[in-house]
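Reviewing the structure listed below.
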Amino acid sequence: MDSLEYAMLFTCLIAYLTLTISLISIPGPTFSPTLMLSAINSVAFKPSSTITTRIYIPEGVIIRIHDNTIEFEGHTVNFGVVREYLRFGLIREYYPDKIILNVNLNQLILIGGRIYELKFSCVNVDSIQIDVIRIIGV
């Protein structure tokens, strides 16, 4: 092969690489209350246990946590998401926009468009403290 053929081959490979990269779509983060419920369930009845996790809240969604209630504004929670937690005894009542738990939570508001690093701690047998450690994407 002479240098012209190498140049043509190199140009074609660069064009193919550019086309491939332009067609790839990188998935964005998704939101599901499962991660939050799983963290709460993990520490719910184990005093002095702690879990730290990151949760993405999409734009337009607001989560209000108070007493024993988690309210979702701008998001509907499917029954399939909470079915297992009903069997575990974590959830007392389920509504598409609200979940009432069998444990008490501190007051917290999570506003969408951000990633929250949250610490879930069991204060006593029926009380969980949720603290925001860090907010990513403010």
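Rule-based calculations on the coordinates, nothing more; no lab input. Computed from a prediction, not measured in an experiment: that's the story for all the values here. A quick note on method: Cβ atoms are made from the backbone with ideal geometry, for glycine too, and the neighbour counts reach across all protein chains shown.
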Collect the residues in the stretch 17-51 that are free of Cβ contacts under 8 Å to residues at least 24 places away in the same chain, among the small types (Gly, Ala, Ser) and over 25 Å from Asp97 (Cα atoms), keeping them in residue-number order.
-> Ser22, Ser25
Give the residue that is farthest from Thr34 (Cα to Cα), with candidates limited to residues of the stretch 81-113 that are among the acidic types (Asp, Glu) and more than 17 Å from the chain's Cα centre (by Cα).
-> Glu93
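Here is a yes/no grid of residues against (1) closer than 14 Å to Asn68 by Cα; (2) loosely packed, with under 14 Cβ neighbours inside 10 Å; (3) not acidic (Asp, Glu):
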| position | (1), (2), (3) |
| --- | --- |
| Val81 | no, no, yes |
| Glu84 | no, no, no |
| Glu93 | yes, yes, no |
| Lys98 | yes, no, yes |
| Val103 | yes, no, yes |
| Asn106 | yes, no, yes |
| Gly113 | no, yes, yes |
| Tyr116 | no, no, yes |
Residues of the stretch 87-104 being without any contact (Cβ under 8 Å) to a residue 60 or more places away in the chain and under 14 Å from Asn41 (Cα atoms), in sequence order, are Arg87, Phe88, Gly89, Leu90, Ile91, Arg92, Ile100, Asn102, Asn104
Considering residues of the stretch 30-61 that are assigned to a strand (DSSP E or B) and either over 13 Å from the mean Cα position of the chain (by Cα) or aromatic (Phe, Trp, Tyr) (or both) only, the residue surrounded by the fewest Cβ atoms within 10 Å (Cβ to Cβ) | Thr50
